[in-house]
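The values are calculated or read from the model by the stated rules, or taken from the named source; none is laboratory data. Bear in mind the structure is a predicted one, so any value in this text is a computation, not a measurement. A quick note on method: Cβ atoms are made from the backbone with ideal geometry, for glycine too, and the neighbour counts reach across all protein chains shown.
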Amino acid sequence: MDDGPWQTVVWNDPVNLQSYVVHVFRTYFGFSRSRAHQLMIQVHEQGRAVVSRGSRERVESDVQAMHSFGLRATLERTEED
C-alpha cells in the first residue's frame, strides 16, 4: 500500500459472497490469494478493512472502483496524519 493521508475502507455487507470479495481484491488491487482472503475475513469479522492508502485522488479512484464492483467503500483520513 502507498503511504498517504487517505485510506480506502471496505465495509461488510449482507449481499456479496466472500469468494467474490476475494476476487475483487485480487483483480483490482493485485493482492495475493492469501492477502485478499485475510482482508475479506477482516471485513467479515470486524465489519471493515483498509485496502489502500495514498493521496485523496488515488483513494477516491479506489473507492469508485469498489462501488463499480458493488462493494461498500468509503474514504477516510488516516489516523497517522
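Look through segment 55-73, keep the residues that are part of a helix (DSSP H, G or I) and among the charged types (D, E, K, R), and return whichever of them is surrounded by the fewest Cβ atoms within 10 Å (Cβ to Cβ). Reasoning before the result, please.
First, pick out the residues of segment 55-73 that are part of a helix (DSSP H, G or I): 56-68.
Add one more test, that the residue is among the charged types (D, E, K, R), and what stays is 56-58, 60, 62.
Details: R56: 12, E57: 10, R58: 16, E60: 14, D62: 22.
By that ranking, first place goes to E57.
Tell me, please, whether a residue that is without any contact (Cβ under 8 Å) to a residue 40 or more places away in the chain, hydrophobic (A, V, I, L, M, F, W, C) and within 11 Å of V10 (Cα to Cα) can be found in segment 45-63.
Checked segment 45-63: no residue is without any contact (Cβ under 8 Å) to a residue 40 or more places away in the chain, hydrophobic (A, V, I, L, M, F, W, C) and within 11 Å of V10 (Cα to Cα).
Please specify each residue of segment 9-48 satisfying the condition of being assigned to a helix (DSSP H, G or I) and loosely packed, with under 12 Cβ neighbours inside 10 Å.
S19, R33, S34, E45, Q46
What are the residue pairs meeting all of these: first residue in segment 69-81, first residue at pLDDT below 95, second residue among the basic types (K, R), Cβ atoms under 7 Å, and 6 or more apart or on different chains?
These pairs meet every condition: T78/R53.
Would it be correct to say that S52 is among the polar types (S, T, N, Q), surrounded by 17 or more Cβ atoms within 10 Å (Cβ to Cβ) and within 14 Å of F69 (Cβ to Cβ)?
Yes.
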